[in-house]
Amino acid sequence: MNSMNSLFSRSFCQLKSNFKVLLVCYLLLLVGVLSIYFAARYLNVSLSVFIRDPISLLRAPLYTGVMSNVGILFWVSSAAVCLFSAYTISQCSGRTNRFLLYAGYMTLWLVLDDMFLFHEELFPNYLGISQGLIIIVYLVMFLVFFIKFFRTILTTDFVLLLLACAFFAASLICDFALPQRGIVHLVEDSFKLLGIITWLVYFCKTSKFQVVSSIPVVIQDAGI
C-alpha cells in the first residue's frame, strides 16, 4: 500500500513539475490544428490534403521522395543535436553557446526549406521573390556564420564543415548550370545528401566536444 501511495505521489509531482512545458506544447499544437482547420475552410480544400500522408493521398509508390525524406531526417537530426547541446551547455555552465544556437536555428530553417520548398516554390511562385535572390540570402547567411564564428570553427574539425559546404556548392552548380533532366537530378541530390550527412557528422563531433568542454567549468564552480 505504501509503495502504491509513493508511486501516485511521484506521478503527481512529475505532472506538476512538467505542467508548464506540457501546457505550452499542447497550446502550440492546438493553434496549429486550428490553423489547419481554418486554412482548409478558407481555401475550400479538403482537410485530408493537410493531414494525410502525401504517398497515401496521391496513391504514389511507397518509395516516392525517399531520398528527400532521408535528407530531411538528417537535417532534423543536425538541428536537434545543435539546439539540445546548446541548451545543455547553458544549463551546465550558465553560458550561452551562440555558435551552436546559430547553427541549430540555421539548420532548422534549412529543414523547413527542404520540407516546404521555400526557395523552389513558396518564394518564387507564391510570394514573387526570385529563387536566385533567395539563394543569395542563404549564401549571406552562411557567410555571416563563418565570419562571426571563425575562431570557434578553427578549434573544431573544420575540414568536415568545408567538405559539407563543398557538396552543397556542387549541388547548386548542378541545379543552375546543368539541364534539369535525367541523371542530373540524381547527381544534384546526391551531392546535397552528402553535404547534409557531412554537416550532421561535423555538428555531432563539435557538439560533443563543446558539451564535454563545459563539464570542467561546472566542476570548478562547484569546488570539486
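Since every read-out is calculated from the coordinates, none of them should be taken as a lab result. Just so you know, these numbers come straight off a predicted model, no measurement behind them. We place every Cβ from the backbone using ideal geometry, glycine too, and count neighbours over all the protein chains shown.
Highest-first packing order for the peptide set 13-22, 161-170, 194-203 is 194-203, 161-170, 13-22, based on the mean count of other beta carbon atoms within 10 Å.
Can you give the translational diffusion coefficient of the chain in µm²/s, computed by Stokes-Einstein from the Kirkwood radius over Cα pairs at 4 °C and 1.567 mPa s?
Details: Rh = 21.0 Å.
My calculation gives 62 µm²/s for D.
Taking the helices alone, the chain has a mean residue ellipticity at 222 nm of -27500 deg cm²/dmol, built from -39,500 (n - 2.57) per DSSP H run of at least 4 residues and averaged over all its residues.
Relative contact order of the chain, please, whole-number percent, based on alpha carbon pairs below 8 angstrom and at least 6 residues apart. Computed value for the chain: 22 percent relative contact order.
The Cα atoms of the range 19-110 cover 50, 34, 21 Å along the three principal axes, with the biggest extent listed first. Overall size of the range 1-58 from C-alpha positions, given as principal axis extents largest first: 57, 24, 13 Å.
Scanning the chain for long hydrophobic helices, with DSSP H runs required to stretch 30 angstrom or more by C-alpha along their axis and to average at least -1.0 on the Kyte-Doolittle scale, returns 19-43, 66-93, 183-222.
The range 1-23 and the range 45-118 have Cα centres spaced 32 Å apart.
Among 50, 118, 176, the largest mean-square fluctuation in a Gaussian network model of the chain, built with springs joining Cα atoms closer than 10 Å, belongs to 50. Using the Cβ of residue 71 as centre and a radius below 9 Å, the other residues enclosed give a net charge of -1, where K and R count +1 and D and E count -1.
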